[in-house]
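For reference, the structure discussed in these notes is given below.
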Amino acid sequence: MTNKLFVFFLTLALVAGCGPVEENKSKKIPQNILNLDKMAELIADLQIAESVLNELQRNGEYDKSKAATLMSSIFETHGITQQAFDESRLFYENNPHLYELVYEKVITLLTEKQTELTVKAQKDSVLRKMPLPQ
């Protein structure tokens, strides 16, 4: 997965370096397209789901119905359809400077979630080490 993300971001950076900068950055996002924040939140959740599914596959617990259920629940949680996501993804793919902004937000969101989980794990570890009152 790390290699896939690296290749994706490298490709995104290369594509973002091509073309007129100001034209793409000032482009309006159509009403039927997810805005930058919503797209970033959805992609962050999809990245987490992909990690969960990869872990299930490594443990021999993966099954297609679990994957479909997980993906459907993510779209449902965000109140959008797979088709709306696909349309938005296509729009951003055709506007790489905007897509770059989306992925900057995705990285920020994933970093924040990782920090939250690390802090929680550290607190849980400290609590487990504390002696119980008798």
Pairs returned, first residue in segment 45-67 that is of a type outside the set (Ser, Thr, Tyr), second residue that is surrounded by 12 or more Cβ atoms within 10 Å (Cβ to Cβ) and not in a helix (DSSP H, G or I), beta-carbon separation under 7 angstrom, 6 or more apart or interchain, are LEU53/TYR62; LEU56/TYR62
Those residues of segment 22-43 which are small (Gly, Ala, Ser) and either surrounded by fewer than 21 Cβ atoms within 10 Å (Cβ to Cβ) or modelled with pLDDT under 90 (or both) amount to SER26
Out of all the residues in segment 85-107, is one or more at pLDDT below 95 and either among the acidic types (Asp, Glu) or touching a strand residue (DSSP E or B) at 6+ places or on another chain (Cβ under 8 Å) (or both)? no
Please enumerate the residues belonging to segment 29-43 that are within 19 Å of LYS105 (Cα to Cα) and outside any helix (DSSP H, G or I). ILE29, ILE33, LEU34, ASN35
Going through (1) surrounded by 13 or more Cβ atoms within 10 Å (Cβ to Cβ); (2) under 28 Å from LYS28 (Cβ atoms) one by one, LEU70 fails only at (2)
What pairs can you find where one residue is in segment 97-117 and under 15 Å from ASP45 (Cα atoms), the other is β-branched (Val, Ile, Thr) and surrounded by 17 or more Cβ atoms within 10 Å (Cβ to Cβ), and their Cβ atoms are less than 9 Å apart, with a gap of 6+ or different chains? VAL102/ILE43; TYR103/ILE43; LYS105/ILE43; VAL106/ILE43; LEU109/ILE43
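The values are calculated or read from the model by the stated rules, or taken from the named source; none is laboratory data. What you see is a predicted model, and the numbers here were worked out from it, not measured in a lab. Note that each Cβ is placed from the backbone with ideal geometry, even for glycine, and that neighbours are counted across all protein chains shown.
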